[in-house]
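Here is the structure we will look at.
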Amino acid sequence: MKSVFFCLCVGIPLACCSIATPTIGQGPSAQIPTYRSGLKSIAIPSPTSDLNEVGSDYRVLLEHLAPDTNRLIAGYVLADDAANLRGEVPKGASRYALVETLRRAEFAEVDATSFKQMSATLAQQYGTGQNNPQTDLKPLQDELNHKLKALGSANEVALDKPVQLGAFFTRPDAYCFGMISPISSGESSINMVTAVIVLRVQNRLLYAYVSARYAGDESVRWTRSTSEQWTDAILKANQ
C-alpha cells in the first residue's frame, strides 16, 4: 500500500497548483529552484532546512493531497518520510508542506486591489477562529478516498470538522490562517495542524500549506512560525 500522507484543504475555493519541473533561476534567487505556473517561473525555497522537495519523479505520489480543482507545484517532506514514500511503506508524514495553484485561475492576473479584496473575504471567513458552519467536508472526504483507492489503499479516511485557529499573519501579498483537523482511518486517528497560506506572487495566485501532527501548543507554534518565515522567503525570492 502506498504511503498515506494527509492534508486538509478545507472548503476554500482556492487551492491550487501546477505540476512543474524545477529549473534554476537567474539573478538574486539563482540558487533557489523555480517552478512553472501560469507562464511564470516562480522561485520557491524550501520551507525549512529539513523539509525537502520530493522531485518530479515522486511528486506524482503526493497529487492525491490536492483537490481535482488544483495542480500540485511542489511537495516537501522530511528525509525519513521521503524514504517511506519511495519504498511504499504505509506510514503517514509527521510534517510536510505543499504548494498548489487553482487550475481555472492559473493564468489569471491578480493585482494588488483584487488580492486585498480576497484577503478581506478570507479574514471574514477564517480570521476570527470561529468555526464556519457552511463547511462541508463530505465531498473532500469522498474525493480523497477515491484517490487513495486508486493508489491501492483499502483504508478509508474520515474527516471531522476542523477547529479554526484564526489568522496566523497577514502581508500585503499574503494571508494565512490555521486549523486543527481530526482525521481517522479504521481504528486510528490523528489531529493535524495546518497553516493555509494564500499568496500573490508575480501577479499569480498560489496556495501553500504547512502541516504537522498536532502535539500541543508547540506544534501550533512551529506551524505558525514556519509558514510565516516561508511566506517571507517566497515573496523576497520573487521581488
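The values are calculated or read from the model by the stated rules, or taken from the named source; none is laboratory data. None of these values were measured; they are calculated from a predicted model. All Cβ positions, even for glycine, are placed from backbone atoms using ideal geometry, and neighbour counts span all protein chains on display. When the accessible area is computed, the model is the full protein with side chains, heavy atoms only, and any ligands, DNA or RNA have been set aside. Shrake-Rupley method; radii C 1.70, N 1.55, O 1.52, S 1.80 Å.
For the modelled label position 7 Å from the Cα of Q31 along Cα-to-Cβ, which residues of region 38-69 have backbone nitrogen atoms closer than 16 Å?
Correct set: 44-50.
If each residue of separation counts as 0.36 nm, what is the full-extension length gain between T113 and S56 once their alpha-carbon separation is subtracted?
Roughly 17.1 nm would be gained on extension.
What accessible area, in Å² to the nearest ten, does a 1.4 Å probe give for S46?
60
Grab the other residues whose beta carbon is less than 14 angstrom from that of Y207, score K and R as +1, D and E as -1, and report the net.
+2
State the extension gain, in nm to one decimal, for the chain segment bounded by Q124 and A105, taking 0.36 nm per residue of separation less the distance between their alpha-carbons.
4.6 nm
Is there a pair in K40/K116; K116/K161; K40/K236 whose C-alpha atoms are over 26 Å apart, and which pairs would that be?
Violating the 26 Å Cα-Cα cut-off are K116/K161.
Using a Förster distance of 30 Å, how high is the FRET efficiency between D232 and D68, based on the Cβ-Cβ distance and rounded to 0.05?
0.45
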